[in-house]
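Following: one structure in structure tokens, then a few remarks.
What follows is calculated from the coordinates using simple rules that are stated; it is not laboratory data. All of these numbers come straight from a predicted model, not from anything done at the bench. Reconstructed Cβ throughout: ideal geometry from the backbone, glycine too, with neighbour counts over all protein chains shown.
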Amino acid sequence: MLLRRVTEHVRAQNWTAVWIDFMIVVVGVFIGIQVANWNDGRASRLDYVQALERARAEISGNLEFIDEQTQAINKSLFVARSGLDALLACADTPQAVQVINAGIVEIRGTRSFQTRTEAIDELTTNPALLSEQSVLVRKRFSELRFFQRLARETSDRYEPITFEVWPTDTPTLAIQEAKNFRTSWLGIEYEVPRYALALDVSVQEACVDKGLLKWFHTWEAWQTNVLVLNQKVRDEYEDTLKLLKELGD
């Protein structure tokens, strides 16, 4: 319709009408582009707001998990350190045997640094989401991602060392009859039979077993390091939550 009208105006050499028709086309295209850009921007902003909500939920869950892990590690450290102290004292008493055996049971497993990272990874790698962020916000998310990755890589590198020094072939220890063991892991309650390790010699003999002492020491050192990693990442989470609250306000 518009093309036919423009053709008629050209034939009639009505240049004013031609110019008006041309401007109508230009303005129409411009408005169409602006509306499309506005819709795209609105969609991108909505995606960003939803990504921030996912990050807030992920961080809250990670904080809860870190706090649970930290509490459990501190309890385990108390038991294990008591066992190591009893070993180092070399006092051959029934109480010392009991404390050492409890420590041996405790150091059969470790807790490592574990957090979810999907939401923060998305905010720091998705170009559309990055374009919505200010320099300050982008830096905060980048810092958090860096320390999350650092803690995870450190855990993957050093935790296996604890298991490499298990004195499973030492005559100092014996495998006891299996007993039902109840515990929970990642919210899963379960009960399984477990064959506990215990001293098979006197405390005076066990306290000079370098393999056993090294096992206690390496386990204690690693679990202490996990507490440090947890605290550092926890601080990063708190700073990020504070920023997210400011963005929401």
Any residue on another chain or 5+ positions along whose placed amide H is under 5 Å from the amide H of residue 194 is listed here as 179, 180, 181
Scalar couplings 3J(HN,Hα) for the range 167-176 by Karplus 6.51 cos²θ - 1.76 cosθ + 1.60 (θ = phi - 60°), nearest whole Hz, x for Gly and Pro, are x, 6, 9, 8, x, 5, 10, 10, 8, 8
Checked against the positive end of the charge dipole of the range 143-211 (+1 on Cβ of Lys and Arg, -1 on Cβ of Asp and Glu, about the Cα centre), the farthest of 173, 154, 198 is 154
With Rg from the Cα atoms and Rh as the Kirkwood inverse mean 1/r over Cα pairs, the range 67-156 has an Rg/Rh of 1.30
Spelling it out for residue 173: with amide H atoms placed in the peptide plane at 1.01 Å from N, the residues 5 or more places away or on another chain with amide H under 5 Å from its amide H are 200
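Taking Cα pairs under 8 Å and at least six residues apart, what relative contact order does the range 109-249 come out at, in percent?
Normalised by residue count, the contact order of the range 109-249 is 29 percent.
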Simple SL model, points at 7 angstrom along Cα→Cβ for residue 176 and residue 125; separation in nm is 4.6
